[in-house]
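Each reported figure results from applying straightforward, stated rules to the coordinates on display, with no laboratory input. Since this is a predicted model, take the numbers as computed values, not measurements. Glycine also receives a Cβ, built like all others from the backbone with ideal geometry; neighbour counts cover every protein chain displayed.
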Amino acid sequence: MDSEATRAKAGPGLLLFPGTAQRHHQHNRSLLSTLTRTANGNGNGNANDEHIAISQRKPPPRSVRSIRRPALWQRTLRRANCEGAGERDGAEEQDDHRASGTVCLAKLQAFIIEFLQGSSIHGFVYMAKFGLNFVERMLWFAFIIVALFSIISLSHRTWQRFQTSPMVISMDRNKLVWNTSFPSLTVCPHKRIDELKVEDYMIAHSEHFEDEEDKEDFRDFIVKLASLTYDNLESLPLNKSFGIDSGKYLDILYDLKWAFEPEISSGAAVKMFIYETQTEFGICHSVNSLVAQYNSFDYWRSNDWSILDHGDRVTVHPLDGEIYAQIINLSTAYDVYFHGAGDVPNISKQRYTFPESDYTTVELIALEIYTNEEARAFTTKQRQCRFQYEAEDMQTVPIYSFGLCLSECRMFFALRVCGCVPHFYRNRLRNGRRLPICGLEGIGCLAKIKREIISLKSDKYKINCNCLSNCDDSNFFVQSYRSRVWFLGANLQWGIIDYPKMQLRRDVLFSFADVLVYIGGLVGFFLGCSALSFTEIVYYFTARLIRRMLFN
């Protein structure tokens, strides 16, 4: 009869988790001890009757949920509760804390087993499947580790590709669809100082000119200072300063400059403008330029950092035929630099020199590259180029240009080595800092490193400009030029007669959507899971874990 009562108290024979039978056996022993105490109190006769009644008593009905749920999650006695509530003795409290910790750890272990058995990720179920030995479980664990390593490795390569080279440059040969930028140029006249203004200056500052030799030396000094560039730094006399502070060099040059007022005309539909601009070659004039105004002396002197209205970029189309522009009344010999509308002349590029008595015609060919609008969503590191409005790293202008970036790089390199900058740079930075202008001693220092400054390459000094090309860029190359003597003075005519048959375009090859598809395919291939599988993981280890550990 005792064995039958024990089996009755043990409940159904479905023992899915260890420890269930042990707890039922302890419960039976507590019932037997109760019967014994009752027998001692009421007599032997009543004890037999009570024993028979208890043996015939049926266990309380159990729900299907309590049978299927692991026993470790069923409600425990108050003394085994994780909260450890109630008043106990010191020894009993220590045992209670140990028991509660063991129960919580067992709950966590059972929870992980449930997650592995119910997860939709392939391979996880075999980590907790009953009937598998240790070697089989380790084999499946190794397969899962290899799959995770493959996913991480290939995903990292995909992400690196997205960060470094998501763009591609392709060729567009449909020349009748797109327009071509008209060539921009910068003219630098050889004559820059007005002799009459120089005489007036020497009269006003006669204390610095004791004799005629001093006046002649000053005339030579101011002419060479006006034409000073990195190529001819050694030509400037360094023995006399004539009482001129280096910070006033640019002011004096503009006060004494020669009035260079050429006229411009073109066959294009859009009117062209000519702007006076300060370059690394001195005071020059730019035509069809979008950035020349930011290097004007008036813009610098007014401490202006606003974006200017520079008008539309002049473009031409093959159906327009031969389009020329012309500058007349140059009245002096000059140097000319051809460049794109969004750039400035570069000292490392080729320049052309023409005399004051020739009528010169220059024919150019163009090669342009444009960037797709979708690329604006990418970073400059991904595009490997900058748009004009991305000027957060520029210190002297509010816009970006590849040529302006190189000029700033040369300026800061000169500042680092010689402690000053040439006078043809803007020495006031965006943060309000003023850079010292090189005097005679500083110019002598610049002359020693001029090759490094021009090429921005040095074995002795570390030079890192980090200048990216313009996203929309135009490059022009001289195809041919011819000159003839002209009795009306120097004139310059230039244009495009052979329109480009190819245009380069920077397009998006690998977008963020492609990254998601590629990584999602890797996860599905190696583990057979989807985005819902990761949602399942988040759900299991947040809401469900808290409910199991605290409320069940």
Spatial separation of Cα centroids for the range 124-180 and the range 488-523, in angstrom
29
Of 349/457; 215/450; 224/448; 224/248; 197/240, which sit over 22 Å apart, Cα to Cα?
215/450
Pop out the ³J(HN,Hα) list for the range 106-114 in order, Karplus 6.51 cos²θ - 1.76 cosθ + 1.60 with θ = phi - 60°, rounded to Hz; leave Gly and Pro as x.
5, 5, 5, 5, 5, 5, 5, 4, 4
In nanometres, what is the gap between the two model label sites at residue 534 and residue 512, each 7 Å from Cα along Cα-to-Cβ?
1.4
Report, to one decimal in Å, the Kirkwood hydrodynamic radius for the range 171-508 based on all distinct Cα pairs.
21.5
Any residue on another chain or 5+ positions along whose placed amide H is under 5 Å from the amide H of residue 330 is listed here as 490
Express the Stokes-Einstein translational diffusion coefficient of the range 237-297 in µm² s⁻¹, to the nearest whole number, given a Kirkwood radius over alpha-carbon pairs, 37 °C and a viscosity of 0.692 mPa s.
235
In Å, what is the Rg of the alpha-carbon atoms in the range 446-550, and how long is Dmax?
31.2, 101
Quick check: net charge around residue 247, other residues with Cβ under 15 Å of its Cβ, Lys/Arg +1 and Asp/Glu -1?
+2
In the range 231-319, what chymotrypsin sites (Phe, Trp or Tyr not before Pro) fall in a loop by DSSP, with at most 12 other Cβ atoms inside 10 Å?
305
Give me the net charge for the shell around residue 267: Cβ to Cβ below 11 angstrom, other residues only, Lys and Arg +1, Asp and Glu -1.
-2
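Compute the Cα gyration tensor for the range 135-189, then decide on rounded, prolate or oblate, letting a ≥ b ≥ c be the square roots of its eigenvalues: rounded whenever a/c is under 1.5, prolate when a/b is larger than b/c in the other cases, and oblate in all that remain.
Prolate, because a/c is 1.5 or more and a/b exceeds b/c.
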